[in-house]
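The values are calculated or read from the model by the stated rules, or taken from the named source; none is laboratory data. Computed from a prediction, not measured in an experiment: that's the story for all the values here. Reconstructed Cβ throughout: ideal geometry from the backbone, glycine too, with neighbour counts over all protein chains shown. What goes into the accessible areas is simple: the full protein's heavy atoms, side chains included, and nothing from ligands, DNA or RNA. Shrake-Rupley method; radii C 1.70, N 1.55, O 1.52, S 1.80 Å.
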Amino acid sequence: MAVTVRTLDNFIGGEWVASTGESVRAVVSPVTGETLAEAPDASAEDVGRAVAAARAAQPKWAALSAWERAKICHAIADLIDERRADFAHELSLEQGKPYAAEALGDIDETAENFRIAAEDVKRMETAIIPSQDPNKRILTFRKPNGVYAGITPWNFPTLIPVELIAPGIAVGNTVVMKPSEWTPIAMANFMQIMADAGLPDGVVNVVYGGGDVGERLVTHPDVDCVGFVGSHPTAEKIVRAAGLKRSLIEASGNGPVVVCEDADLERAAQGAVFGGFFCAGQVCCATERVLVHEGVHDSFLDEVLRAAAAWRLGDPFDDSTLVGPMNNEPTAAKMDRHLEDAVDKGANIVLGGSRAGDRPTRLYYEPTVVTDVGVDTLINQQETFGPIVPLIRVRSDEEALAVANDSHLGLQAAVYTSSLKRAFQYVDNLRVGNVVVNDSTDYWEAHEPFGGASGTQSGWGRIGGRYTMLDMSDLRTVVLDVGGLD
Ligand code: NAD
């Protein structure tokens, strides 16, 4: 029987509107290989209409009190909870992440982001500043920045959009979202929930497409600011195209994990394996390389192999699956290339190392552990973004720091040590935005500030709770002369 494939509409000004774009992309499930939907690329006219809707809605939305905006954020969170199971099911099918082990958690954290935004926006206090003139009072207020273009990737197709949307709208901005072309369905489902929860028309709008549509949106003259999460080459293109528009940029990582001689090796191995295999390694702060002191290398490897045995590759809808398929072929092909390069340069594959056969698609990659990875490899120098735990031997803390910092990326690092003094040597000297001590690079909390270190290509600004709100709003300073007032 022929299956009817759903065509995604843009969401503009509170309505689902058929795209006027001419090209259409098939959205194919990495889990089953079936076509789930078709997403037309938005035309210039579609983008213009979405921006106009966001522009028209913005002053009315910003004029509501923080309490009124917070109420809507809470309503959205409640409706996400209500639709949790279906929302997570479609997320797994489109993205590939395990339903029970990951997708449900993504949806819960998506709701949590709205709750955090709703509560934080009520406490956005600002300073009253003493004046040198006795007749003057200096006050500061937080004002939204206006209309945002939100450009997001495919690895967390609800969680990353919400990191921009929830704090962004809570503080009074409006948004036009352009989700990843690999995962537009998650954004469509998410938009439906926001609309059903009572979000006023035009506050969030959605258009679909790839880089061309993204660029059209970013450069639209009526878009004030850009919120971008994705790879560093795209970040650079966007910043160049956006010119002086304000931007929040969250880009790639190359997460080093340092395992010191005095580390709890079992714990370090569990953290490295979690960071390597969670979301099939497709996380900006994944374990991309493990720098292990040579004195504990072999014992650590034993612990890694023990921990890795629990990470079963399989159908994301089987509750015992911890690793699902990778999301898309270009990313899986990059994993192939990085492995081949490492092996050519002397690395040894001790677990996995290839795509699994007999699966519905070629995207099921075996969880992989590699040893003797050289610093001259693509694995060490670039983000791999696949299910891999690569071990690099180091002889000292100085060498570990040098290898970790010899990178154009600097997002999140992890250090395993039982010495507080040593932990702070790393905290003080690693060139990353975030350091986790004695837990995985994949450890984060929704409200903590997260972002790249300056001097690297991992981006700027901070994602996370009120820190995003600070980025997505600005201070309005008011000087009041009360000398002549009654
Ligand atoms: P990507 O850069 O290929 O795409 C991201 C988004 O940018 C997509 O929506 C894409 O359509 C759009 N885009 C592409 N070219 C554009 C252009 N010229 N103008 C405007 N938009 C354009 O990244 P991806 O493959 O979707 O995501 C994976 C990357 O995202 C990894 O590098 C990962 O580290 C990074 N990431 C970073 C964070 C973070 O918080 N720092 C979080 C998740 C993912």
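From Cα pairs below 8 angstrom and at least 6 apart in sequence, can you work out the relative contact order of segment 256-447, rounded to a whole percent?
In percent, rounded to a whole number, it is 30.
Relative to the longest principal Cα axis of the chain, at what angle does helix 44-63 sit, 0 to 90 degrees, rounded to 10?
Taking Cα atoms only, the helix is inclined about 60 degrees.
Please compute the Kirkwood hydrodynamic radius over segment 47-178, one decimal place, Å, based on all pairs of different Cα atoms.
About 16.5 Å for segment 47-178.
First check a/c for segment 1-78, with a ≥ b ≥ c the square roots of the eigenvalues of its C-alpha gyration tensor; if it is under 1.5, answer rounded, and if not, answer prolate when a/b is larger than b/c or oblate otherwise.
oblate
If you wrap segment 144-260's Cα atoms in a convex hull and average its projection over all directions, what's the area in nm²?
The number I arrive at for segment 144-260 is 8.5 nm².
Just add up the charged neighbours of Asp406: K/R +1, D/E -1, any other residue whose Cβ is under 12 Å from the Cβ of Asp406.
0
So, counting K/R as plus one and D/E as minus one, what does the shell of residues with Cβ under 14 Å around Ala44 add up to?
-4
Looking at the square roots a ≥ b ≥ c of the eigenvalues of the Cα gyration tensor of the chain, which shape do they give, rounded for a/c under 1.5, prolate if a/b is larger than b/c, or oblate?
Oblate shape, in that a/c is at least 1.5 and b/c is the bigger or equal ratio.
With an 8 Å cut-off on Cα pairs and a minimum separation of 6 or more residues, tell me the relative contact order of the chain in percent.
18 percent
Given axes a ≥ b ≥ c from the Cα gyration tensor, I'd like to know whether segment 256-447 is rounded (a/c under 1.5), prolate (a/b larger than b/c) or oblate.
Prolate.
Quick check on packing: order 442-454, 365-377 by the mean number of other C-beta atoms within 10 Å, highest mean leading.
365-377, 442-454
DSSP beta bridges in the chain, what fraction antiparallel, as a percent rounded to 5?
For the chain, the DSSP antiparallel bridge percentage is about 40.
In whole Å, largest first, what are the principal axis extents of the Cα atoms in segment 99-176?
Dimensions of segment 99-176 along the principal axes of its Cα atoms: 63, 23, 14 Å.
With a Förster radius of 30 Å, plug the Cβ-Cβ distance of Asn429 and Ala333 into 1/(1 + (r/R0)^6) and report the FRET value to the nearest 0.05.
0.30
On a straight-distance basis, which lysines could pair with Lys334 in a cross-link, Cα separation under 16 angstrom, same-chain partners fewer than 8 positions away excluded?
none
Looking at Ala186, Ile116, Trp154, which one has the Cα that reaches farthest to the positive end of the dipole of the chain (charges on Cβ: Lys, Arg +1; Asp, Glu -1)?
Ile116
Which length gain, in nm to one decimal place, applies between Asp86 and Ser354 when the Cα-Cα distance is subtracted from 0.36 nm times their residue separation?
93.3 nm
What ranking do 79-87, 378-386 get when scored by the average of other Cβ atoms within 10 Å per residue, highest first?
378-386, 79-87
Between Thr140 and Ser396, how many nm apart are label points set 7 Å from Cα along the C-beta direction?
A separation of 4.4 nm, rounded to one decimal place.
At what distance in angstrom do the alpha carbon centres of segment 264-330 and segment 367-423 lie from each other?
Each part reduced to its Cα centre gives a spacing of 14 Å.
Nearest 20 debye, what's the magnitude of the dipole of the chain about its Cα centre given +1 on Lys and Arg Cβ and -1 on Asp and Glu Cβ?
That gives a dipole near 1300 debye.
Using the C-alpha gyration tensor of segment 295-368, what are the square roots of 5 times its eigenvalues, in whole angstrom, with the largest one first?
After scaling each eigenvalue by five and taking roots: 23, 19, 8 Å.
Relative contact order for segment 212-278: what is it in percent, counting Cα pairs under 8 Å that are at least 6 residues apart?
27 percent
Could you please report the charge total around Ile12, scoring K, R as +1 and D, E as -1 over all other residues with beta-carbon less than 11 angstrom from its beta-carbon?
Around Ile12, the charge tally is -4.
What's the FRET efficiency of Val482 with Glu38 using the Cβ-Cβ distance as r and R₀ = 56 Å, to the nearest 0.05?
That gives a FRET efficiency of 0.35.
According to a simple spin-label model (label point 7 Å from Cα along Cα-to-Cβ), what is the distance in nm between Leu420 and Asp474?
Computed distance between label sites Asp474 and Leu420 equals 4.3 nm.
Over the residues of segment 400-455, compute the C-alpha Rg and express it relative to 2.2 N^0.38 Å.
Expressed relative to 2.2 N^0.38 Å, the Cα Rg reads 1.09.
So, in Å, what gap is there between the alpha-carbon centers of segment 37-67 and segment 123-198?
Segment 37-67 and segment 123-198 have Cα centres spaced 13 Å from each other.
Taking all protein chains in place and a 1.4 Å probe, what share, in percent, of the accessible surface of the chain do carbon and sulfur account for?
C and S fraction of accessible area: 50 percent.
Between Asp196 and Lys237, how high is the FRET efficiency from 1/(1 + (r/R0)^6) when r is the Cβ-Cβ distance and R₀ = 35 Å? Nearest 0.05.
Efficiency, from the Cβ-Cβ distance: 0.50.
If you roll a 1.4 Å probe over the heavy atoms of the protein chains, what accessible area per residue do you get for segment 189-347, in Å²?
Here the per-residue accessible area is 35 Å².
Protein chains only, probe 1.4 Å: how do Ser231, Ser473 rank by accessible area, largest first?
Ser231, Ser473
Too long at a 25 Å Cα-Cα cut-off: which of Lys71/Lys143; Lys178/Lys245; Lys97/Lys345?
The answer is Lys97/Lys345.
List, largest first, the extents of the alpha carbons of segment 364-484 along their principal axes, each in whole Å.
The Cα atoms of segment 364-484 stretch 76, 40, 24 Å along the principal axes, largest first.
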